[in-house]
Amino acid sequence: MADFDLLIIGTGSGNSILTPDFDDWNVGIIERDVFGGTCLNRGCIPSKMLVVPANRVVESSEAARLDVEFTPPTIDWPAMRDRIFGRIDPIAASGEEYRAGSDNVTVLRGDARLVDGHPVDGHPVDGHGVRLTAADGSEQLVSADRIVLAAGARPRIPDIPGLADSPFHTSDSIMRIDAVPEHLVILGGGFIAAELGHVFAALGSRVSVVHRGSQLLRHEDSEVSARFTQEFAKRIFLHLDTEVSRVDHDAAGFTLTLDCQSDGNAASLQELRCDSLLVTTGRIPNGEQLGVTNAGVRLDPGGYVVTDDTLSTGVPGIWALGDIRNPLQLKHLANQEAAVVSHNLVHPDAPVSIDQGVVPRAVFSHPEVASVGERHVDLDARRHPYRVGHCDYSSVAYGWALEDTSGFAKVLVCEETGEILGAHIIGYHAATLVQQIAAAMQFGITAERFAREQIWCHPALPELLENALLDALG
């Protein structure tokens, strides 16, 4: 017999699989790091707890346009950091304590690696085998009838000469530092760079972003990306179209050798010095580290575990969820996937499928960015006929109150059916606004009905969406 009925690898959203339906199952749950996963410990939760005070600082600096003056704020970084992690760390610890105290759950510590179904070390493997390597190097072999791969992703570290030998930070470590850097350089131009660049600039750092592209947030709508880059450059030193060719570190700090591109031609090399370096050049799913192909599980070209829409890997008894399988790497998707896997484990004869056709997402920087659905480049590539609607924040009453001259909403509406195909917002409370469009898309409410058949509160910010939709409708 196998050691476990169910083995879960990863304690982020994988930990939420265990409903009362599993009370009579023998369950093992494996974690090599802090219990609770990326979101709780080093991702969306602590970063947003830093974004909120950063927002207050920036808002106070922008209050002069509202005829209000504030004295320069005092930042108590140790108190802020300790308040945040003084709340998070006990949650992680109590989560592990709760699971370890369950009669039917065994918490296992160490690095997991799947083995094939053949005898291992002379011993037969019943079910699916996992080799577990503890921190002290000791190993044990465990097996289970069913396995859920929920081990997430890790920071991608570029192969830059000298970088590996330097004390650089990633998003895993930067939020627990002892002091706000004097000069923080960030490699990368995605959402992590946008959010943490905003945070540390607001809290007193000089922040420089080095990005090989010409615009930040390149996965967003091109108009939003361009506007964000323009606005971010007012607070952050941007080195765009720039590669780092070498990193050196000594007692004085970091020296980065920059290779700047101009019209596709290499320019002269430049040097950039700083006391802290943050690498935000993407994240890698952990499927390869787990050796999932040993068990017959397939990986796509990006390294993500391949599943069907029931989240089965195609190998009987092995499922996957979260960042290990989903390139969007969003916590709200991982939570939804955990619910699907939980149901399908208990009801294998009546599986349900995942529905991720409408996925809202946000970048909590300044300005804030949010989107849902398709971009115009996606529709152009498919030659899908559509209409575009725009509305600037400055065109609605609440935008007047904000004195906002940069924010806007953009909606895409199917030319033939009136279906809302996508929305892209940059500005105040963008993440809250986009959820209304996501709801209309999910429930099939056309742009005509959504814009005209409800009463929009005036003078509230959702009028931004109303006017953008009306603009698309002509």
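Return the total of residues in segment 92-107 being exposed (fewer than 14 other Cβ atoms within 10 Å of the Cβ) and either touching a residue at least 40 places away in the same chain (Cβ under 8 Å) or outside any loop (DSSP other than H, G, I, E, B) (or both).
The number of residues fulfilling the criteria is 5.
Tell me, please, whether a residue that is of a type in the set (A, V, I, L, M, F, W, C), part of a helix (DSSP H, G or I), at pLDDT 95 or above and crowded, with 18+ Cβ neighbours inside 10 Å can be found in segment 403-422. It would help to see each step written out before you state the result.
Within segment 403-422, the first condition is being of a type in the set (A, V, I, L, M, F, W, C), and the residues that meet it are 408-409, 411-414, 420-421.
If we keep only those that are part of a helix (DSSP H, G or I) too, we end up with none.
No; the residues of segment 403-422 include none that is of a type in the set (A, V, I, L, M, F, W, C), part of a helix (DSSP H, G or I), at pLDDT 95 or above and crowded, with 18+ Cβ neighbours inside 10 Å.
Of all residues in segment 380-393 being touching a Gly at 6+ places or on another chain (Cβ under 8 Å) and closer than 19 Å to Gln230 by Cβ, which is surrounded by the fewest Cβ atoms within 10 Å (Cβ to Cβ)? Let's see the steps before the verdict.
Taking segment 380-393 and keeping what is touching a Gly at 6+ places or on another chain (Cβ under 8 Å), we get 387, 392-393.
Filter once more, so that each one left must be closer than 19 Å to Gln230 by Cβ: 392-393.
Numbers: Asp392: 17, Tyr393: 25.
Once the filter is applied, the top-ranked residue is Asp392.
Go over the candidates Ala381, Ala430, Ala440 one by one and state the one that is over 19 Å from the mean Cα position of the chain (by Cα) and within 24 Å of Pro459 (Cα to Cα).
Details: Ala381 fails: within 24 Å of Pro459 (Cα to Cα); Ala430 fails: over 19 Å from the mean Cα position of the chain (by Cα).
The conditions single out Ala440.
Taking segment 437-465 on its own, how many of its residues are more than 12 Å from Val358 (Cβ to Cβ) and either without any contact (Cβ under 8 Å) to a residue 60 or more places away in the chain or among the polar types (S, T, N, Q) (or both)? Spell out the reasoning first.
As a first pass, look at segment 437-465 and keep what is more than 12 Å from Val358 (Cβ to Cβ): 446-465.
Applying the additional criterion that residues be either without any contact (Cβ under 8 Å) to a residue 60 or more places away in the chain or among the polar types (S, T, N, Q) (or both) yields 446-457, 462.
The total comes to 13.
Mind telling me which of the residues Val34, Val51 ends up being in a loop (DSSP other than H, G, I, E, B), closer than 19 Å to Asp172 by Cβ and either among the hydrophobic types (A, V, I, L, M, F, W, C) or free of Cβ contacts under 8 Å to residues at least 60 places away in the same chain (or both)? Quick ask: steps written out before the conclusion?
Values: Val51 fails: in a loop (DSSP other than H, G, I, E, B).
Answer to the check: Val34.
Need the failing condition index for Val247 against (1) within 24 Å of His219 (Cα to Cα); (2) modelled with pLDDT of 95 or more, just the number.
(1)
Kindly state which strands (runs of 3 or more DSSP E) lie completely within segment 293-376 and contain at least 1 residues that are surrounded by fewer than 22 Cβ atoms within 10 Å (Cβ to Cβ) and touching a helix residue (DSSP H, G or I) at 6+ places or on another chain (Cβ under 9 Å).
Numbers: elements: 318-320, 361-363, 369-373.
Because the criterion is at least 1 residues that are surrounded by fewer than 22 Cβ atoms within 10 Å (Cβ to Cβ) and touching a helix residue (DSSP H, G or I) at 6+ places or on another chain (Cβ under 9 Å), the strands (runs of 3 or more DSSP E) in segment 293-376 that meet it are 361-363.
Condition first: aliphatic (A, V, I, L, M), assigned to a strand (DSSP E or B) and surrounded by fewer than 16 Cβ atoms within 10 Å (Cβ to Cβ). Now tell me which residues in segment 129-164 satisfy that. Don't jump to the end; show me each part of the working.
Keep residues of segment 129-164 that are aliphatic (A, V, I, L, M), which gives 130, 132, 134-135, 141-142, 144, 147-151, 153, 157, 160, 163-164.
Filter again for assigned to a strand (DSSP E or B), leaving 130, 132, 141-142, 144, 147-149, 153.
The one that is aliphatic (A, V, I, L, M), assigned to a strand (DSSP E or B) and surrounded by fewer than 16 Cβ atoms within 10 Å (Cβ to Cβ): Leu141.
Any idea which of (1) under 28 Å from the mean Cα position of the chain (by Cα); (2) not in a loop (DSSP other than H, G, I, E, B) is the one Leu461 doesn't satisfy?
In the conditions (1) under 28 Å from the mean Cα position of the chain (by Cα); (2) not in a loop (DSSP other than H, G, I, E, B), Leu461 misses (2) alone.
The values are calculated or read from the model by the stated rules, or taken from the named source; none is laboratory data. All of these numbers come straight from a predicted model, not from anything done at the bench. When we count neighbours, we look across all protein chains shown, and the Cβ atoms used for this are built from the backbone with ideal geometry, even at glycine.
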